[in-house]
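Asker: One structure is given below, represented as structure tokens, and several questions about it will come after.
The values are calculated or read from the model by the stated rules, or taken from the named source; none is laboratory data. Here the structure is a predicted model, which is why all the values come from computation and not from measurement. Positions of Cβ are generated from backbone atoms using ideal geometry, with glycine treated the same way; all protein chains shown enter the neighbour counts. Areas reflect the complete protein model, heavy atoms only, side chains present, ligands, DNA and RNA absent. Shrake-Rupley method; radii C 1.70, N 1.55, O 1.52, S 1.80 Å.
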Amino acid sequence: MAKVEVKVCLGTTCFVMGGNNLQELNDIIPQKYGDKVEVMGSNCLGLCSINWEYSKAPYVKVDDEVVTEATVEKVLEVIDKKLG
Amino acid sequence: MAGQAIHLKKEILVRIIKAFLSDNFEEQTRLIPFAMRPKGMEVPYRCCIYKERAIIKDRTIAGLGFPIEEDDETVSLGTYAKRALERTEIDDKNLTVLQAACKGCATNRIYVTDLCQGCVARPCTTACKFGAVSIVNGKSVIDDEKCKKCKMCVNACPYNAIVKITVPCEDSCPVGAIKKDETGFASIDYTKCINCGRCTAACPFGAVHEKSQIIDILKAIKSEKKVIAMIAPSIAGQFPGNIYQLKSAIIKAGFDDVYEVAQGADITATNEAKEFVERMEKGDSFMTTSCCAGYNQLIKKHLPEIKPFVSDTKTPMYYTAELVKKEFPEAVAVFVSPCVAKRAESFENKNVDYVMNYEELGALFIAKQIQIMDCEPAKYAVESSKQARNFGFTGGVADSVKSALNDEESIKPCIINGLNKDSIRQLKKYATSGTCEDGCNMVEVMCCEGGCIGGNATINNQKTAKKLIEQLSNESKDIEKI
Ligand code: FES
């Protein structure tokens, strides 16, 4: 099975809108899923400038799925669904 | 403060800035509540969309720099926007309470729950020194008139049946300056308030707001005047990218130049080290730092007895602003701050024109779509020392004074990490007894737990913020000896 890829946006908009709390994912994900899931930080994912949607930031991408107003719980939920 | 409320406050700031940058500030501001809660939208938090819009309007009033308490609901946000544009003076009462949010919060009291077993021993009645607990129909009842909220009965009950219902803002305030009154609304007593900002962070409804000066700052940027940002040392851990990229980003946002306040912190540390030596030679038993604005307010309003022991050295903000104004007397100097207390300090310093907190700077970046990590690094005219750059976390100031001394062994620092009822009592004891514990002769006082990285307007969590600051300071030169 291919690895699930989690990209946490560390761009300015996402960071200011609460993305700092998502840094925990760097510890939680490897602990919880081992090497089934890979987590990485990313520069601006470009989502905040589409229609100027800063208000839905912070963003996280789980493979192609965009998590808006992301929280640790929300992201884990999406990963769990992916892994079935 | 709950994540949602912080998110909301920041979104409103971004919208205010966007409105200012648009070609119709008044109208765009008037529309903010409607843009955020458009017709037909599901209502996320409150009873109905009208209520939500009313609350967003109130929060916007604070963002425009006005007191929410004085709003009589007849004045539109457009009019507030116009008034913000026209004003030349800013309000020195830095906080404002969205009282409509206080409704959801019960008043501070001791309450006997259904868990009361009506036991025979009745330790609650004997524990109470004020005769406030009596037995009615076999169960304990508290007389609110007599109750002093000492919690003796809470601790005495073997069934944990008695609870203290707390009001988070009241509980968080170290000096009893915010109170929910008989009407159930919280209000701030400015004769007592030390501007620590604790209540802004503690309220789960995000009801306490800083009155923003962002419009005044944007006005200055738009004018012909030179506008200079002075960034506090703790900022190094608050944004993506490094402080050199941050400088470019701030210039891109419209400022003409950026000074590190660490530059002033170097002067503070050096002067304080000299002063320490003098005081010790004179026979003083201890000295406290003087760089924290919240602590300085505490001294003035609640702890005058400690004044003789407080260093006369000025704050890093003071020295930095002095440098800026010496070089550019006509410039507008804006202090970029982790906390509301620095607003209070700025009103006592003619060299500081405005204060912008980290959340507001973040909102400005968002509104202008500036990505710090895409900005080219820019140099500072003066590189600050490692110790000065560490001023923003607890222990950093004491360490810098120590490092500036020739005889590092002569100093025995101790640290007050956050002002609360206990630590204030401790300081009082030092002042009245004239000595501190364990041979300590230098007390570093930080109003916020963790230091400035724990300020009410910070963006990053303390742990990573500290790590990022250390990344920078570890590559910086050591402070010079006095
Ligand atoms: S900063 Fe996260 S999408 Fe742009």
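Asker: What's the angle, to the nearest 10 degrees (0 to 90), between helix A:72-83's Cα axis and the longest principal axis of chain A?
Answerer: The answer is roughly 50 degrees.
Asker: Same structure again: Calculate what fraction, in whole %, of the accessible area of chain A sits on carbon and sulfur atoms when a 1.4 Å probe is rolled over the protein chains.
Answerer: 46 percent
Asker: Separate question: Which percent of the accessible heavy-atom area of segment B:46-181 goes to carbon and sulfur, probe 1.4 angstrom?
Answerer: 50 percent
Asker: Below 8 Å, C-alpha to C-alpha, sequence gap of six or more: please give me the relative contact order for segment B:53-124 in percent.
Answerer: 33 percent
Asker: Moving to a separate point now. Report relative contact order for segment B:216-473 in percent, whole number only (criteria: Cα-Cα under 8 Å, sequence separation at least 6).
Answerer: Result for segment B:216-473 is 30 percent.
Asker: What is segment B:109-165 by shape, rounded, prolate or oblate, if you read a ≥ b ≥ c off the alpha carbon gyration tensor as root eigenvalues and call it rounded for a/c under 1.5, prolate for a/b larger than b/c, and oblate otherwise?
Answerer: Numbers: a/c = 1.39, a/b = 1.28, b/c = 1.09.
It is rounded, given that a/c, with a ≥ b ≥ c, falls under 1.5.
Asker: Something else: Counting other C-beta atoms within 10 Å, and keeping those with at most 13, which DSSP coil trypsin sites (Lys or Arg not before Pro) do you find in segment B:406-482?
Answerer: The qualifying sites are B:LYS477, B:LYS481.
Asker: Please state the relative contact order of chain B as a whole percent: Cα pairs under 8 Å, 6+ residues apart?
Answerer: The normalised contact order for chain B reaches 17 percent.
Asker: Here is a follow-up. Would you please classify the overall shape of chain B from the alpha carbon gyration tensor, given that a ≥ b ≥ c denote the square roots of the eigenvalues, rounded means a/c under 1.5, and beyond that prolate means a/b larger than b/c while oblate covers the rest?
Answerer: oblate
Asker: While we're on this one: How much net charge surrounds A:VAL37 when only the other residues with a Cβ under 14 Å from the Cβ of A:VAL37 are counted, with Lys and Arg +1 and Asp and Glu -1? Could you put the intermediate results ahead of the total?
Answerer: Details: positive: A:LYS3, A:LYS7, A:LYS32, A:LYS36, A:LYS61, A:LYS81, A:LYS82; negative: A:GLU5, A:ASP27, A:ASP35, A:GLU38, A:ASP63, A:GLU65, A:GLU77, A:ASP80.
Here the charged neighbours net out to -1.
Asker: Still on this structure: Please report the buried accessible area for the interface of A with B, total over both chains, probe 1.4 Å, in Å² to the nearest 100. Provide the component values of the computation, followed by the final result.
Answerer: Details: alone 5120 and 21910 Å², together 25180 Å².
Buried surface at the A/B interface: approximately 1800 Å².
Asker: In addition: May I ask you to evaluate 6.51 cos²θ - 1.76 cosθ + 1.60, the Karplus curve with θ = phi - 60°, for each residue of segment B:176-185 and list the ³J(HN,Hα) values in order in whole Hz, giving x for glycine and proline?
Answerer: Going residue by residue, I get x, 8, 10, 9, 8, 8, 4, 6, x, 9 Hz, with x marking Gly and Pro.
Asker: Starting from the Cα-Cα distance between B:THR435 and B:VAL382, subtract it from 0.36 nm times their residue separation and give me the gain in nm to one decimal.
Answerer: 15.2 nm
Asker: Can you list the residues of segment B:1-46 whose accessible area drops by at least 20 Å² going from the chain on its own to the full set of protein chains, with a 1.4 Å probe?
Answerer: B:HIS7, B:LYS10, B:GLU11, B:VAL14, B:ARG15, B:LYS18
Asker: Give, ordered by residue number, each residue of segment A:31-56 whose 1.4 Å probe accessible area is reduced by a minimum of 30 Å² on adding the remaining protein chains to the chain alone.
Answerer: Relative to the lone chain, where solvent access is computed with a 1.4 Å probe, segment A:31-56 loses at least 30 Å² at A:ASN43, A:TRP52, A:TYR54, A:SER55.
Asker: Now for a separate question. Between segment B:283-309 and segment B:393-452, how many Å separate their Cα centres?
Answerer: 11 Å
Asker: Could you report the accessible area of B:GLU26 in Å², rounded to 10, computed with a 1.4 Å probe on the protein chains as they sit in the structure?
Answerer: 70 Å²
Asker: Within segment B:107-198, report the GluC sites (Glu not before Pro) that DSSP leaves as loop and that have at most 14 other Cβ atoms within 10 Å. Walk me through the numbers on the way to the answer.
Answerer: Working: sites: B:GLU145, B:GLU170, B:GLU182; in loops: B:GLU145, B:GLU182.
Answer in residue order: B:GLU145, B:GLU182.
Asker: Could you tell me, in Å, what Rg and Dmax come out for the Cα atoms of segment B:293-396?
Answerer: 16.2, 51
Asker: Right, here's the next one. Once whole DSSP H runs in chain B are found, which of them have Cα atoms spread over 20 Å or more along the helix axis and a mean Kyte-Doolittle score of at least -0.5?
Answerer: Helix filter hits for chain B: B:3-21, B:49-63.
Asker: So, for the protein assembly as shown, what is the accessible surface per residue at a probe of 1.4 Å, expressed in square angstrom? If you can, show how the numbers build up before the last one.
Answerer: Working: 25180 Å² over 566 residues.
So the protein assembly as shown comes to 44 Å² accessible per residue, rounded to a whole number.
Asker: Ok, one more. Would you work out the Kirkwood radius for the protein assembly as shown? I mean one over the mean of 1/r across all pairs of different Cα atoms, in Å.
Answerer: Final number for the Kirkwood radius of the protein assembly as shown is 25.6 Å.
Asker: A further question on this structure: Using a 1.4 Å probe and counting only protein heavy atoms, arrange B:ASP284, B:ASP374 so the residue with the most accessible area comes first.
Answerer: B:ASP374, B:ASP284
Asker: Now for a different question. Calculate what fraction, in whole %, of the accessible area of segment B:274-354 sits on carbon and sulfur atoms when a 1.4 Å probe is rolled over the protein chains.
Answerer: 52 percent
Asker: Mind checking which of A:TYR59, B:CYS291, B:GLN426 is farthest towards the positive end of the protein assembly as shown's charge dipole, using Cβ charges of +1 (Lys, Arg) and -1 (Asp, Glu) about the Cα centre?
Answerer: B:GLN426
Asker: Okay, moving on. If a/c stays under 1.5 just call it rounded; otherwise compare a/b with b/c (prolate if a/b is bigger, oblate if not). Do that for segment B:216-473, with a ≥ b ≥ c from the square roots of the Cα gyration tensor eigenvalues.
Answerer: Prolate shape, in that a/c is at least 1.5 and a/b is the bigger ratio.
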